[in-house]
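Provided herewith is a single structure, encoded as structure tokens, for subsequent inquiry.
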Amino acid sequence: MKRRSLMKAAALAATFGMTAGAVFAQEAEKKVIGVSIPSATHGFMGGLNWHAQDTIKRMGEAYPNIEFVLSTAPDAAKQVSDIEDMMATRNIDGLVVLPFESEPLTAPVAAVREAGKFVTVVDRGLSQEGIENLYVAGDNTAFGRVAGQYFREHLEPGSKIVVLRGIPTTLDNERVDAFQKALEGSEVEILDMQHGNWNRDDAFTVMQDYLSKYPEIDAVWAADDDMAVGVLEAISAANRQDEMWVVGGAGMKEIVKRIMDGDKQLPVNVTYPPALISSAIEMTVLNFMSNAPMTGRFIIGSQLITPENAQQFYYPESPF
Amino acid sequence: MKRLDLHTLGPIVALVALVILGALLNSSFLAPGNITNVLARSAFIGMIAVGMTFVITAGGLDLSVGSMAAFLAGLAIIAMNAVLPSVGENWGTILIGMGVAILGGLIAGYVNGALITKAKIEPFIVTLGTMGIFRSLVTWLADGGTLSLEYGLRTLYRPVYYGGIGWITWPIIAFAVVAIVGELMMRHSRFGRHVEAIGSNDRVAKYSAIDVGRVKLMTYLLLGLLVGLATVLYVPRLGSASGSTGVLWELEAIAAVIIGGTALKGGTGRVWGTVVGVLILSLIDNILNLADLVSPYLNGAIQGVIIVLAVVLQREKRTADER
């Protein structure tokens, strides 16, 4: 309902435009879409930033009367200011937002929605339900479960594994809980779970210490490809490559390439595509440009990348 | 005199206590492999912290070193990848990369130093600014992703981090040399005396015919050089650099300097204390990983408590001295 009245208002504004000058009458009404995402602080976000820019360029060419405002924020406070600025100075019609944190962003995004804008929330849900028109996200539970099932099926009973966790967040908890649940009842023992913060250097350090601490490790769930790179380096420095394999996550191109080449140390990977921002932006554009309904929840599944299907997950141009 | 010894011994006592604690908690703590790991990973922060000791002793501060290291690592990787086709896959290319890192470090240090001494801007503000600039530049160079060294070059360059004489790897050797030279410079060179003099009172130093601006500039140049050197040893470890490289290294370096007994307000510098401070910080991390003492969520809290405790112990002893 709100949206329809907004359309009316926009149509009215367009009529005013027409009376102001006949030239403008030819142009369809301009729509401005704000895109607010965290800045590229680690590999996954780098990929997400790249896909956001790429999609905006592509959509801008395909739909000349859609205009985009992209802002990247290093923290939640900056993101709130960005969104306020978009509302105050750019008069956006739609907002695509990947909240840095759920709590602090809930009220500002709710205000955007109350102003009658189309709101798309990506990946991290707000802490209150029903604010957004469209929710696009990866499936964190499946991300952990798919990895857990692979460990369960491919390890002998009595095997020992170590886990590297990300930055302490609900997202990380969901993944780890699902992973542990998938392993429940199997004879696979999780020796340790420490935070590698989705960072290569931190993961390297944590893995070195795991290797000093545990004489027997059969597999590592690195849960992220940046961390997997650090883990692999630590393993090869300790010369224990033949002893264990590593499963990362998110589908970084270098890792996918190694799976494609049949690397024994990296048997599989689990997707969590940074391109999910592209789905969100394109669906928001279509909301304005087509009659197809674009509201609801759109959950992108996590798939297992194996040497057989790796080709279709390989994007050589993306930085991630 | 005896009391003075006591307070300078503070950090060493803490270090010894940590070593004993580590050995009691896990038998693999004292294994050569673990010792190599801890010392080698301390080397980057360690070399930077030795440079930082001079900057802080002269009454300055540098917040940009972590970002600078990331930026230099990015530059070195880009340079090596760029000259690879013409120079080939050999040590020449790697030497060019090392040269870029060291020269870049000197230039970056000069920029910081010149803005502070010539444009007379507060060091905190200058380096807060350059911290943001270097961090953004490396993210921009990497297009938000990761800069990676070509595979062949990596294999060739790798032994610089992992190789060495027996279990004493090159980063450990470099760190030791930097620490010894730094200690000698601080204690026994004219430059060291001038640095301390400027830090305790720069006006008096100026009236004593010390070229205050030049000496201060030199401290930032020295720090830039050491950041470059740390980068040379960092790049072969993972062969990559990204926006998340070297995050918070500046604070670790500053914390190590202060734990080691250098005064944050300047005037007294203790290079060997800094080395002990760096080792304390790495050991805390290592012990927390090796022993499941607390929830990993609390690791940061434990580090915070130990840092504050180490400084509090010294402070109490220092006021006792003054009494």
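Search the structure for amide H atoms under 5 Å from the amide H of A:Thr169, placed 1.01 Å from N in the peptide plane, and list their residues when 5 or more places away or on another chain.
Answer set, sorted by chain and number: none.
Which order results if B:Ile102, A:Ile235 are arranged by neighbouring Cβ count within 10 Å, fewest first?
With the sparsest Cβ surroundings first, the list reads B:Ile102, A:Ile235.
What FRET efficiency do you get for B:Val204 and A:Ala110 if R0 is 45 Å and r is their Cβ-Cβ distance, rounded to the nearest 0.05?
Efficiency computed from Cβ-Cβ geometry: 0.15.
Mind sorting A:Tyr314, A:Tyr150, B:Tyr161 by how few other Cβ atoms lie within 10 Å of their own Cβ, fewest first?
Least crowded to most crowded, the residues run A:Tyr314, A:Tyr150, B:Tyr161.
Would you list the membrane-span-like helices of chain B, meaning whole DSSP H runs whose alpha-carbon atoms span at least 27 Å along their axis and whose mean Kyte-Doolittle value is at least 1.0?
B:2-25, B:32-57, B:65-87, B:91-117, B:212-238, B:271-290
So for the protein assembly as shown: antiparallel DSSP bridges make up what percent, rounded to the nearest 5? The partial results should precede the final answer.
Details: 7 of 43 bridges.
Beta bridges within the protein assembly as shown, antiparallel portion: roughly 15 percent.
Report, as an integer, the average count of C-beta atoms from other chains found within 10 Å of each Cβ along A:210-223.
Working: counts 2, 4, 13, 9, 1, 1, 0, 0, 0, 0, 0, 0, 0, 0.
Taking all residues of A:210-223 together, the mean is 2.
Also, I was wondering about something else. Report, by chain and number, residues whose modeled amide H sits under 5 Å from the one on A:Ser127, excluding near sequence neighbours (fewer than 5 apart, same chain).
A:Thr106
Which angle between 0 and 90 degrees, to the nearest 10, do you get for helix A:102-114 versus the longest principal axis of chain A when only C-alpha atoms count?
Orientation of helix A:102-114: about 20 degrees from the principal axis.
What aspartates and glutamates could a cross-link reach from A:Lys30, if we take a straight Cα to Cα line under 13 Å and drop same-chain neighbours fewer than 8 places away?
Output for A:Lys30: A:Glu67, A:Asp93.
While we're looking at this one, here's another question. Work from the charge dipole of the protein assembly as shown (Cβ charges, +1 for Lys and Arg, -1 for Asp and Glu, about the Cα centre) and give the residue of A:Val229, B:Gly33, B:Ala255 farthest towards its positive end.
Checked the options; the winner is B:Ala255.
Using the 10 angstrom Cβ neighbour count as an exposure proxy, how do B:Thr268, A:Thr41 rank, fewest first?
Details: B:Thr268 15, A:Thr41 21.
Placing the least packed residue first, the sequence is B:Thr268, A:Thr41.
Assuming a ≥ b ≥ c are the square roots of the Cα gyration tensor eigenvalues, decide whether chain B counts as rounded (a/c under 1.5), prolate (otherwise, with a/b larger than b/c) or oblate.
oblate
In addition: Whole-Hz ³J(HN,Hα) for each residue in the range A:37-52, computed from phi via Karplus 6.51 cos²θ - 1.76 cosθ + 1.60 with θ = phi - 60°, x for glycine and proline: what do you get?
Whole-Hz 3J(HN,Hα) from phi for the range A:37-52: 9, x, 6, 6, 8, 9, x, 4, 5, x, x, 5, 4, 4, 5, 5.
Also, quick follow-up: Past 19 Å, Cα to Cα, is the threshold; run A:Lys160/A:Lys213; A:Lys213/A:Lys264; A:Lys78/B:Lys120; B:Lys120/B:Lys216; B:Lys118/B:Lys206 against it and keep the listed order. Numbers along the way, then the final one.
Values: A:Lys160/A:Lys213 13 Å; A:Lys213/A:Lys264 24 Å; A:Lys78/B:Lys120 30 Å; B:Lys120/B:Lys216 12 Å; B:Lys118/B:Lys206 15 Å.
From A:Lys160/A:Lys213; A:Lys213/A:Lys264; A:Lys78/B:Lys120; B:Lys120/B:Lys216; B:Lys118/B:Lys206, over 19 Å: A:Lys213/A:Lys264; A:Lys78/B:Lys120.
Is the range A:32-104 best put as rounded, prolate or oblate by its Cα gyration tensor, with a ≥ b ≥ c the root eigenvalues, rounded for a/c under 1.5, and otherwise prolate when a/b is larger than b/c, oblate when not? List each step's numbers first, then the result.
Working: a/c = 2.66, a/b = 1.18, b/c = 2.26.
Since a/c reaches 1.5 but b/c is at least a/b, the shape of the range A:32-104 is classed as oblate.
Here is a follow-up. If you take each beta carbon of peptide A:198-204 and count the beta carbons of other chains within 10 angstrom, what is the mean?
That works out to 5 on average.
Using only atoms on other chains, find how many Cβ atoms lie within 10 Å of each Cβ of peptide B:241-248 and report the average.
5
Every number here is computed from the coordinates shown, using simple stated rules; none is lab data. Fair warning: this is a prediction, and the values are worked out from it, not measured in the lab. Glycine also receives a Cβ, built like all others from the backbone with ideal geometry; neighbour counts cover every protein chain displayed.
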